[in-house]
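Visitor: Would you mind keeping the following structure in view while I ask a few things?
The values are calculated or read from the model by the stated rules, or taken from the named source; none is laboratory data. It should be emphasised that the depicted structure is a prediction, and the values quoted were computed from it without experimental measurement. Heads up, the Cβs are rebuilt from the backbone with ideal geometry, glycines too, and the neighbour counts pull from every protein chain shown.
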Amino acid sequence: MSIKKTDTRKIEIYKKTIKDTFQFLKQTRRFDDLLSKNIPLLEAEGFLVPICELHKNDERLINQLSQWRTENTFAYPSQFPVTIEGTKKWLDEKLLQVEDRILFLILDQHGQNIGHLGFANAINDYCEIELDNVLRGIKNIYPGIISSAVITLIKWAQETLSVETISLRVFSDNERAVNFYNKLGFKTDKLIPLRLHQTQNTKVYQQMSENDRLTPDQHFLRMIYKPNQSVDKTQMILTAGPSVSAKEMSYVMDAARNGWNFKHRDYINKFEQSFAQYLGVNHALTTNSCTCAMHLALVTLGIGPGDEVIVPDITWVATANAVVYVGATPVFADIEADSWCLDPASFEAAITEKTKAVMPVHLYGHPARMDKIIEIARKYNLYVIEDAAPALGAECLGQKVATFGDFAAFSFQGAKLLVTGEGGILVTNNEELYKKAWAIWNQGCLPGTFWVTQNGYKYRMSNMQAAFGLGQLERIDQLIEAKRRIFSWYAEGLQDVSQVRLNYETDWARSIYWMSSIYIDENADISRDKFREELKKRNIDTRPVFPAISQYPFWLQKQDPQPTAVRVGNQGVNLPSGVCLQQEQVNYICKSIKDIFR
């Protein structure tokens, strides 16, 4: 299998995700932390917990594993004698110290060990993971629990590891096992010859004739997970939804138990520092929303009554509302037809002697043309505040958004790529602006005192929110790749639908595709709103693209809506784009769209 250059980043992120996730789970040393990392079983009472450092000296578990391995020696190619010490060594050296291997205990609802299963050979250039060590240690109780454990672990891998192929190997003559995996959706791929002599006794193997050496004793049957899955059409496929892993659960539990008094800012500090490091900026300040982060930036820059701030005519209303909050006037410029972001030419045409700042929006995860916007802003001595609410990780000409302007703001609301429930963050490279913003953010209070020197706001994020955000941030590249993979499924599924155009990234940008969006041709057989109604009948949720917000009736300064913004606002649709969306769901959506336009 050849690897395309365009796949290089995806492959490296996949490998890093495997290493980081497996290490995080296996390094667990406390029982309470282990429980926070459990994976609830699907359609069965029980859960999976990773075998970890905590288990290295668990004599009861070691004895149990030894007994299970002795009882199931027939299932292993190298049928060596099992001992307690050998099992301890196996657990440490062959499991915990192997970076691409992990094993989970299957626990019933009472916490009793039922068996185990895991993954092996997970680091490769094909984003493939091998189901391994599926073993039922306690038999004749809880029927269906092993099937549930297998499907649960597969779903977990698909949602948190971004695997593309899940395979396994089983003895070809083990008819019962082959049938078991067939029922779960595994299909036969190929036979793999196995020589038992070589693994058991090297001296015997060396004395064998060449012909005998070439004759396999047995065969493994390689099987690949390819279920004939049908979408549950009774459940609504939503437009958004986060991916939550053991990291978030573990960090939040720690913050809830220990994040008080002297440790009340531990996760806030870690989150801010890690966020700034990820972007490559000097300062990050957590807030309770992106809206207040933008407001804070405007206040810090001294923008107020009599000033004008240029914003794109398509954005969430919060961008312009933040301008109104400081008493300034939002002025609406048009967007580009390809990026759906602020049009630099329209921005420049809207500048007056009252203009003090511009707030480009990186809409739906696609960057605005920041190189040209910055050039114009510097020409007219304007501040630049990037509304990067949904665009963490997006790039313009290879540079991350939020690193161009004087300030930038992000949102962590529950539908975004990185979530904390509600929340946001303000970033800047300017030390003086950061200190000024910090004072306003902290009720105008001097650091370490109760002495208030100016009017301020309570815009802080909680430590527990920051703990959740840190777990999300440590997975951010994997989450971005999941979004981009979803868009690629749409691109493949809708390529022949002439009345629909996907909002592809431009050649100078790297979008994170927070929303996979389409533009419906004005001459299509069906209106945008009727199209959405038809999808709703099929339990497919959508969102209309933001309308040209200059049309809202409450702005004090009236202006005509911008032409491109009106067209995109009238014809654009956000399709389901939740980070855990599966390919069969996207296929169903694409088929539904084709049926509507047929």
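Visitor: Are any residues in region 450-480 within 13 Å of the chain's Cα centre (by Cα), farther than 21 Å from residue 255 by Cα and of a type outside the set (D, E, K, R), and if so, which ones?
Guide: 478, 479, 480
Visitor: Shifting gears a bit: Failed condition for residue 136, given (1) modelled with pLDDT under 95; (2) more than 30 Å from residue 227 (Cα to Cα); (3) under 36 Å from the mean Cα position of the chain (by Cα); (4) not β-branched (Val, Ile, Thr), with all others met?
Guide: With (1) modelled with pLDDT under 95; (2) more than 30 Å from residue 227 (Cα to Cα); (3) under 36 Å from the mean Cα position of the chain (by Cα); (4) not β-branched (Val, Ile, Thr) applied to residue 136, the lone miss is (2).
Listed here are the residues, each with its yes/no results for (1) among the aromatic types (Phe, Trp, Tyr); (2) outside the structural domain of residue 421 (by TED's automatic domain parsing); (3) under 17 Å from residue 564 (Cβ atoms); (4) out of contact with any strand residue (DSSP E or B) (no Cβ under 8 Å at 6 or more places or on another chain).
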residue: 304; (1), (2), (3), (4): no, no, no, yes
residue: 310; (1), (2), (3), (4): no, no, yes, no
residue: 323; (1), (2), (3), (4): no, no, no, no
residue: 330; (1), (2), (3), (4): no, no, no, no
residue: 336; (1), (2), (3), (4): no, no, yes, no
residue: 343; (1), (2), (3), (4): no, no, yes, no
residue: 358; (1), (2), (3), (4): no, no, no, no
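Visitor: Exactly one condition in (1) in the same structural domain as residue 511 (by TED's automatic domain parsing); (2) in contact with a Lys or Arg (Cβ under 9 Å, 6 or more places away or on another chain) is not met by residue 483; state its number.
Guide: If we test residue 483 against (1) in the same structural domain as residue 511 (by TED's automatic domain parsing); (2) in contact with a Lys or Arg (Cβ under 9 Å, 6 or more places away or on another chain), just (2) comes out false.
Visitor: Do we have any residue at all in region 473-489 that's hydroxyl-bearing (Ser, Thr, Tyr) and crowded, with 16+ Cβ neighbours inside 10 Å?
Guide: Looking only at region 473-489, we keep the residues that are hydroxyl-bearing (Ser, Thr, Tyr), and these are 488.
Filter again for crowded, with 16+ Cβ neighbours inside 10 Å, leaving none.
No, region 473-489 has no match at all.
Visitor: Right, another one. Please go through region 468-527 and pick out each residue that is part of a loop (DSSP other than H, G, I, E, B), touching a strand residue (DSSP E or B) at 6+ places or on another chain (Cβ under 8 Å) and aromatic (Phe, Trp, Tyr).
Guide: The answer is 508, and nothing else.
Visitor: Oh, and also: Could we say that residue 239 is assigned to a helix (DSSP H, G or I) and touching a strand residue (DSSP E or B) at 6+ places or on another chain (Cβ under 6 Å) here?
Guide: no
Visitor: What residue, of 20, 7, is assigned to a helix (DSSP H, G or I) and modelled with pLDDT of 95 or more?
Guide: After applying the criteria, what remains is 20.
Visitor: Here's a follow-up. Please state which one of 319, 291, 355 is polar (S, T, N, Q), more than 28 Å from residue 573 (Cα to Cα) and touching a residue at least 12 places away in the same chain (Cβ under 8 Å).
Guide: 355
Visitor: If you don't mind, another one. Out of 314, 310, I need the residue that is in a strand (DSSP E or B) and of a type in the set (Val, Ile, Thr). Which one?
Guide: 310 is the lone residue from the list that is in a strand (DSSP E or B) and of a type in the set (Val, Ile, Thr).
Visitor: If I ask for residues that are in contact with a helix residue (DSSP H, G or I) (Cβ under 7 Å, 6 or more places away or on another chain) and farther than 17 Å from residue 472 by Cα, which ones from region 386-400 would you list?
Guide: Of all residues in region 386-400, those in contact with a helix residue (DSSP H, G or I) (Cβ under 7 Å, 6 or more places away or on another chain) come to 387, 389-394, 396-397, 400.
The answer is 387, 396, 397, 400.
Visitor: Could you list all residues from region 420-432 that are farther than 16 Å from residue 279 by Cβ and surrounded by 14 or more Cβ atoms within 10 Å (Cβ to Cβ)?
Guide: The answer is 420, 422, 423.
Visitor: Among residues belonging to region 458-467 that are polar (S, T, N, Q) and assigned to a helix (DSSP H, G or I), point out the one that is nearest to residue 421 (Cα to Cα).
Guide: Per the stated criteria, the residue is 465.
Visitor: Scanning region 391-417 for residues that are closer than 19 Å to residue 482 by Cα and touching a Leu at 6+ places or on another chain (Cβ under 7 Å), which turns out surrounded by the most Cβ atoms within 10 Å (Cβ to Cβ)?
Guide: Residue satisfying both the conditions and the ranking: 412.
Visitor: Determine which member of the set 460, 369, 378 is assigned by TED's automatic domain parsing to the domain that holds residue 275, loosely packed, with under 15 Cβ neighbours inside 10 Å and not aromatic (Phe, Trp, Tyr).
Guide: Going through 460, 369, 378 in turn, the sole match is 378.
Visitor: Let me ask something additional. Tally the residues that are part of a loop (DSSP other than H, G, I, E, B) and either in contact (Cβ under 8 Å) with a residue 24 or more places away in the chain or surrounded by 14 or more Cβ atoms within 10 Å (Cβ to Cβ) (or both), restricting the search to region 528-565.
Guide: Residues meeting the conditions: 15.
Visitor: Ok, one more. Which of the residues spanning region 296-338 are surrounded by fewer than 23 Cβ atoms within 10 Å (Cβ to Cβ) and under 21 Å from residue 371 (Cβ atoms)?
Guide: Correct list: 336, 337, 338.
Visitor: Only one of these is of a type in the set (Phe, Trp, Tyr), at pLDDT 95 or above and within 18 Å of residue 239 (Cβ to Cβ): 519, 552. Name it.
Guide: Result of the check over 519, 552: 519.
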